[in-house]
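Just below is one structure, and these are the notes that go with it.
We did not get these values from a lab; they are worked out from the coordinates using the rules stated. Just so it is clear, the model here is predicted, and its values are computed rather than measured. Virtual Cβ from ideal backbone geometry, glycine too; neighbours counted across all protein chains shown.
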Amino acid sequence: MSKQAAGDGGLSRPATLVLGLGNPLRGDDGIGPRVVEELLRRDLPDHVEVVDGGSGGLSLLQTLEGWEHVIVVDSAQLGKSPGQFTRFTPRQVELSPRTFSPHYASLAEVLTLADALGRSLPQIIIFGVQPDNIDWEQGLSPAIEEAIPKVIRGILDELR
């Protein structure tokens with residue numbers, strides 16, 4: 001979804017990436033990909049690209065590089081009721097790979113790797129959604145389904 005840059009005749013990409021992380025085969029961990037599905041049905045500003053980042057891994061570092069802003073949506077162990085979410089930046093919290101995300105290489109590990117390698121990353125906003133169930137099963141719990149419109153409103157507010 002690259003866009004033609006005005007006046008330069010070349011291709012440039014949008015400035016903002018909305019990245020949904022998660023595994024839809026792990027219950028509520030599928031929140032990120034599900035939010036991506038919903039956002040792709042909307043008429044978003046030209047400066048926004050929406051991507052399903054799957055279960056992450058260390059390749060997330062390459063995905064994050066080169067953007068001005070990144071909004072990440074992922075399930076997160078926040079100590080809240082299922083479906084509640086928190087908007088935060090990596091600087092506002094100390095991300096712990098074991099408690100934050102159930103992925104093989106979590107966002108926390110990718111950010112730590114970027115720091116260790118001296119890589120410059122974009123401004124990152126995270127929408128962490130408290131899961132109810134991350135067992136091996138398809139489908140989101142009712143609490144997570146109910147939270148999706150609220151998470152999308154939060155993301156759309158960020159994009160404004």
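Using R₀ = 30 Å, calculate the FRET efficiency as 1/(1 + (r/R₀)^6) where r is the Cβ-Cβ separation of residue 52 and residue 136; round to 0.05. Write down the numbers at each step before the final one.
Numbers: r = 19 Å, r/R0 = 0.64.
It comes to 0.95.
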(request) Using the Cα centre as the reference, give the magnitude of the dipole from point charges on the C-beta atoms of the range 14-159 (Lys, Arg: +1; Asp, Glu: -1; all else neutral), rounded to the nearest 20 debye. (result) 280 debye
(request) Choose one of 147, 67, 81: the residue whose Cα lies farthest towards the positive end of the charge dipole of the range 14-159 (beta-carbon charges +1 Lys, Arg; -1 Asp, Glu; about the Cα centre). (result) 81
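Evaluate E = 1/(1 + (r/R0)^6) for residue 81 and residue 159, where r is the Cβ-Cβ distance and R0 equals 30 Å; express this FRET efficiency to the nearest 0.05.
Working: r = 26 Å, r/R0 = 0.88.
In this case the efficiency is close to 0.70.
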(request) Please turn the phi angles of the range 55-71 into ³J(HN,Hα) values with the Karplus equation 6.51 cos²θ - 1.76 cosθ + 1.60 (θ = phi - 60°), one per residue in order, whole Hz, x for glycine and proline. (result) 8, x, x, 5, 5, 4, 4, 5, 4, 6, 5, x, 9, 7, 9, 10, 10
